[in-house]
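All remarks here apply to the structure that follows.
The values are calculated or read from the model by the stated rules, or taken from the named source; none is laboratory data. As the structure is a computational prediction, the values presented were derived from the model and not from experiment. Positions of Cβ are generated from backbone atoms using ideal geometry, with glycine treated the same way; all protein chains shown enter the neighbour counts. Please note that ligands, DNA and RNA were not included when accessible areas were found on the heavy atoms of the full protein model with its side chains. Shrake-Rupley method; radii C 1.70, N 1.55, O 1.52, S 1.80 Å.
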Amino acid sequence: MLERYGHGGDLLTAEETFGRSMEQFLDFSSNMNPLGPPSAVSHILKEQWRDIVKYPDPAVRELRSKLSQKYDIPMESILVGNGAAELIDLTARVLKPAVTGLTRPSFSEYEEAIHKSGGGIYNIPLTHSNQYELQQQEIEAAYSAVDLFFLGHPNNPTGKLIPRSVIDMLMQSDRRLVLDEAFMDFVPNEQDHSLLKLASTSRQFFVIRSMTKFYSIPGLRLGFMVAHPDAIQQIKHQQVQWSVNYLAQRIGTAVLEDEDFERASRQWLKEEKPWLSEQLRQLGLEVVPSDVNFLLFSFPEHMGIHVKRAQKHMGYQGILIRDASLFEGLNERYCRVAIRLREDNERLIAGLHNMLADLTQNRGQGHD
Ligand SMILES: Cc1ncc(COP(=O)(O)O)c(C=O)c1O
């Protein structure tokens with residue numbers, strides 16, 4: 001299983017499983033911007049590596065100031081973390097909810113963090129018949145059982161934003177709300193959807209962002225969160241000192257200035273998402289419409305394809321796809337793929353075509 005440690009993008013496991021070297025895989029199992037990293041990254045790594053002899057700024061002032069300018073948010077409302085993953089964990093530990101409402105499916109680290117903090121979980125279903133859109137009545141049903149909602153906006157693996165009407169409802173409620181906006185940079189007109197600004201003054205809302213996906217720096221680790229300054233103080237108090245390293249701070253500051261990279265990324269996705277969605281549909285797959293840079297799809301029942309067999313077949317072709325059946329709430333027909341550059345996407349489609357031909361002809365045989 002490629003997701004041995006819980007996530008996609010595990011190239012070492014792929015190497016061990018499929019017997020080819022890491023560089024020979026096309027990775028559709030983690031959702032990085034294929035235009036990245038921006039050019040400032042290699043420049044800083046080459047020119048500023050000697051500065052690692054110094055401790056990083058424990059208050060991350062330069063990067064927080066840049067984030068403050070970019071999003072028009074006071075610096076005291078911003079905490080930078082070692083990836084969004086650290087901030088998910090810290091937020092759960094500090095807020096210590098008794099029972100948290102989580103959509104099924106959603107990113108597995110929410111559940112991990114809640115369990116580590118000793119809390120229970122209330123499942124909020126997202127359904128195929130609603131195209132995996134969060135419904136108001138599900139929030140109403142959860143309301144009396146939970147003291148916090150922890151939601152992906154947009155959600156992983158469905159790729160869906162929370163509808164405005166549901167956001168409004170959550171904002172009017174007195175329950176605490178943590179929104180993970182890890183993929184928000186990929187949403188067209190993100191400023192119309194992000195709740196960053198609102199979170200900076202509210203005592204009830206917390207927004208977490210990742211910088212690893214849009215800027216393609218998951219190996220460097222970088223994310224930030226926005227909340228009321230008092231909550232930021234409390235959360236910062238629990239954070240390990242110097243958890244955001246020097247290079248991540250420098251690189252984070254530099255990439256935020258690269259407006260050309262931002263523009264090019266939006267243009268790429270605007271063209272590539274409809275193209276890849278349509279190609280997948282032409283293969284007979286059921287694609288969930290997405291607001292971001294990845295697509296969730298399922299193999300229709302009549303094909304009789306189990307995603308684990310599909311993943312194996314694709315892996316031997318050098319193409320990694322995400323087994324989405326590992327997300328609670330999805331079954332063995334579900335798969336998730338990142339959207340990459342056209343040439344790579346064409347290879348994905350060709351690989352899927354081979355796999356479908358093999359596995360639908362030889363049901364019960366193939367690469368098992
Ligand atoms: C929805 C979601 N949130 C947060 C993260 C963690 O991001 P980071 O790399 O910034 O820790 C991921 C990583 O896959 C994710 O999918």
### Summary
Rg/Rh of region 163-313 (Cα atoms, Kirkwood Rh), to two decimals, equals 1.04
### Query
Expressed in nm to one decimal, what extension gain is obtained for the pair ASP174 and ASN354 from 0.36 nm per residue of sequence separation less their Cα-Cα distance?
59.6 nm
#### Entry: Amide hydrogen neighbours beyond the local backbone of PHE149, cut-off 5 Å, H modeled
GLY101, ARG176, LEU177, VAL178
### Task
Under 1.5 on a/c is rounded, so check that first for region 160-235, then, if it is not, pick prolate when a/b is larger than b/c and oblate when it is not; a ≥ b ≥ c are the square roots of the alpha carbon gyration tensor eigenvalues.
oblate
### Query
Using modelled backbone amide H atoms (1.01 Å from N, in-plane), which distant-in-sequence or interchain residues come within less than 5 Å of ARG322's amide H?
ARG336
### Message
What are the ³J(HN,Hα) couplings of region 251-265, residue after residue, when phi is run through the Karplus curve with 6.51, -1.76, 1.60 and θ = phi - 60°? Round to Hz, x for glycine and proline.
### Response
5, x, 5, 5, 5, 5, 8, 8, 6, 5, 4, 4, 4, 4, 5
### Query
Just how many pairs of Lys in the chain have C-alpha atoms closer than 19 Å, counting pairs that are eight or more places apart or on different chains?
14
### Task
List every residue whose amide H lies under 5 Å from the amide H of ARG104, counting only residues 5 or more places away in sequence or on a different chain, with H placed 1.01 Å from N in the peptide plane.
ILE124, LEU126
### Task
Using DSSP to define loop residues, name the GluC sites (Glu not before Pro) in region 219-264 whose beta-carbon has at most 14 other beta-carbon atoms within 10 Å.
GLU257
### Query
In the chain, how does Rg compare with the Kirkwood Rh, expressed as the Rg/Rh ratio over alpha carbon atoms?
0.96
### Summary
Whole-Hz Karplus couplings 3J(HN,Hα) for region 204-221, θ = phi - 60° and coefficients 6.51, -1.76, 1.60, Gly and Pro as x, run 10, 10, 9, 10, 10, 10, 10, 10, 7, 7, 5, 9, 6, 10, x, x, 8, 6
#### Entry: Per-residue ³J(HN,Hα) for region 301-306, Karplus 6.51 cos²θ - 1.76 cosθ + 1.60, θ = phi - 60°, Hz, x for Gly and Pro
3, 5, 6, x, 9, 9
### Query
When the gyration tensor of region 22-75 is built from Cα positions, what are the square roots of 5 times its three eigenvalues, in whole Å, from largest to smallest?
28, 20, 11
#### Entry: Per residue, in Å², the accessible surface of region 1-143 once ligands and nucleic acids are set aside, probe 1.4 Å
49 Å²
#### Entry: Exposed chymotrypsin sites (Phe, Trp or Tyr not before Pro) absent - longest run of the chain, DSSP non-H/G/I/E/B, at most 15 other C-beta within 10 Å
6-241
### Task
Kindly work out what percent of the DSSP beta bridges joining two residues of the chain are antiparallel, to the nearest 5.
45 percent
### Summary
One would report the antiparallel percent of DSSP beta bridges in region 164-267, rounded to the nearest 5, as 50 percent
## Note on the structure
Quick note, region 78-224: a/c under 1.5 would make it rounded; otherwise a/b > b/c is prolate and the rest oblate (a ≥ b ≥ c, C-alpha gyration tensor); here it is rounded
### Task
Calculate the length of the line joining the C-alpha centroid of region 166-245 to that of region 1-74, in whole Å.
18 Å
### Message
What does the C-alpha gyration tensor say about the overall shape of region 1-107? Classify as rounded when a/c is under 1.5, otherwise prolate if a/b is larger than b/c, or oblate.
### Response
oblate
### Neighbour count of at most 14 Cβ within 10 Å plus DSSP loop: longest trypsin sites (Lys or Arg not before Pro)-free window in the chain
204-362
#### Entry: Spherically averaged projected area of region 234-334 from its Cα convex hull (nm²)
10.6 nm²
## Note on the structure
Taking 0.36 nm per residue of separation between ALA264 and MET1 and subtracting their Cα-Cα distance, the length gained on full extension comes to 91.2 nm
